[in-house]
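Data block below; observations after.
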Amino acid sequence: MRPFRQLSIRLRLTLGALVIAGVFFAGTAFVVRLQVEHILANSTVMLLQSDADPYVQAIADNKGAALEAPAQGQLLTVLNPAGVAVKSSLPPELTPQLADIVAARAATQSITTPNAEYLVVSRAVKANDGVWHVVTARNEQAAELSLANLTTALVVGLVILTLLFAGGAWLLASAAIAPVSSMRRTAVMLRERTTTELLPVGPARDELSALAVTLNELIIDLRASADREKQLVSDASHELRTPLAILQTQLELAHLSAGDSTALLAEIESAERHVKRLTVLAASLLELTRIEGMQPNESSPVSQMADELVDAIDRARMLSTGSAVLVDYEVAELSGASVALSRHNFGRIVDNLLGNAIAAIGSSGTVRAELRMLDSRLCLDITDSGPGMSAAFIPLAFDRFSREDQSRTGSAGPANAVVGTRGVKGNAGLGLSIVWALVSSAGGTVTLANRSSGGLRVAASIPTIVSVARTERAAP
């Protein structure tokens with residue numbers, strides 16, 4: 001079986017079709033030969049009975065004395081009640097066996113002699129003077145020759161039909177796997193040079209087309225992954241260049257300030273801040289790349305999302321300690337549905353959005369979070385009373401490292417705020433990018449819009465995946 005598996009698909013299909021065709025044609029030929037043999041045997045018996053019928057009728061009419069001689073080619077003998085042959089044209093080699101043929105009382109017998117094989121029919125006829133016997137015979141050599149010729153014709157026809165079937169199977173197999181050859185050539189081209197082409201998909205909706213579609217989806221995913229990696233390297237090199245240069249300059253200044261402890265301490269503290277920023281930037285880049293490449297493999301009830309929102313509000317209130325920023329929330333009645341998002345990741349979404357809002361509104365203002373169900377979707381709305389966002393920047397807000405001007409900067413915000421510019425995680429411009437990636441991984445959407453009364457509204461909508469009748473509390 002192993003050597004068979006090592007053959008090409010085309011050859012395996014052809015050999016399989018050849019075996020099936022051979023078995024089918026051989027069985028058909030065998031059945032045909034048996035039927036023809038049976039027909040010839042019945043025909044011979046009918047002919048023998050037909051040869052004997054005139055004599056049987058004449059004897060039955062008590063005309064045994066006036067029987068005619070057998071016609072030319074007829075092998076026949078008529079025995080009177082005394083066992084004497086009245087008329088006979090049987091070959092001499094059958095004459096000695098007449099007594100045994102009559103005594104056997106079998107309607108049809110096959111007699112083998114040194115020269116030939118005969119089929120013999122013996123019929124007993126009652127007359128006034130006793131029981132007569134009419135024996136007819138035919139040489140089976142002609143029938144055997146006909147069967148031999150038929151067998152030869154069947155074998156030759158079987159071989160020709162099997163070879164034709166094999167050729168047809170080869171052509172059909174070649175046509176069937178032609179799309180595979182086309183896909184292989186395209187795959188070789190994709191490997192040898194950079195191109196945006198995909199594997200060809202045939203017009204038929206068959207397994208090969210489904211395979212091509214699946215492979216194209218895989219190629220698209222691999223290209224997206226490669227693009228993300230390239231983007232990560234590009235973004236990292238772009239964003240790290242300036243802080244690394246500043247850090248190098250500060251270290252050089254620290255060497256120059258070796259004799260001034262106060263200046264040296266200031267340079268070291270500044271360098272530490274830049275190192276922390278670089279650490280946050282690197283961690284955020286890796287986190288964002290991991291989120292964009294992951295597949296949703298867990299789900300959580302929306303009740304846990306409500307609990308996590310309450311915890312995130314507590315964290316945001318701690319973040320705004322020392323300022324006049326009011327952080328409020330409301331949780332509407334929720335069903336028992338689930339979303340393709342973990343509680344931890346939902347908390348990261350809320351933390352980023354609340355932190356951005358707190359940093360943007362400055363030393364005083366309000367931030368409000370609302371969580372509710374709408375048309376089988378979990379909707380999170382976060383609004384603030386800050387300066388809003390420029391219309392030109394809104395389409396770019398979810399891009400990596402996108403930063404708005406100082407009107408949306410958190411420099412005037414609380415001293416312990418960890419999120420500065422709107423959409424920036426640690427001033428790196430990755431906060432909204434992480435939010436967008438997490439919501440998208442759960443099949444949801446995020447939108448930004450300036451409020452008519454001032455401030456910004458961020459709306460995240462995540463589809464539910466399970467529905468169970470359940471009611472959640474509403475926050476005060």
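The values are calculated or read from the model by the stated rules, or taken from the named source; none is laboratory data. Computed from a prediction, not measured in an experiment: that's the story for all the values here. Positions of Cβ are generated from backbone atoms using ideal geometry, with glycine treated the same way; all protein chains shown enter the neighbour counts. Just the protein is used for accessible areas: all its heavy atoms, side chains included, with ligands, DNA and RNA removed. Shrake-Rupley method; radii C 1.70, N 1.55, O 1.52, S 1.80 Å.
Details
- Per-residue HN-Hα couplings for segment 445-455 [Karplus 6.51, -1.76, 1.60; θ = phi - 60°; Hz; x = Gly/Pro]: 9, 10, 10, 10, 7, 6, 7, 5, 8, x, x
- The phi-based Karplus calculation (6.51 cos²θ - 1.76 cosθ + 1.60; θ = phi - 60°) puts the 3J(HN,Hα) values of segment 153-168 at 5, 5, 5, 4, x, 4, 4, 5, 5, 5, 5, 5, 5, 5, x, x Hz, whole numbers, x for Gly and Pro.
- Vicinal HN-Hα couplings computed from phi for segment 365-381 (Karplus, 6.51 cos²θ - 1.76 cosθ + 1.60; Hz; Gly/Pro x): x, 10, 10, 10, 10, 10, 10, 7, 9, 8, 6, 6, 10, 8, 10, 10, 10
- Accessible area of segment 1-156 belonging to carbon and sulfur atoms, whole % at 1.4 Å probe: 60 percent
- Qualifying GluC sites (Glu not before Pro) in segment 1-96, DSSP loop, other Cβ atoms within 10 Å at most 14: GLU68, GLU93
- Scanning residues 5 or more positions from ILE177 or on other chains, none has an amide H under 5 Å from its amide H, with H placed 1.01 Å from N in the peptide plane.
- Peptides 45-55, 303-313 ordered by packing proxy, namely the average of other Cβ atoms within 10 Å per residue, highest first: 303-313, 45-55.
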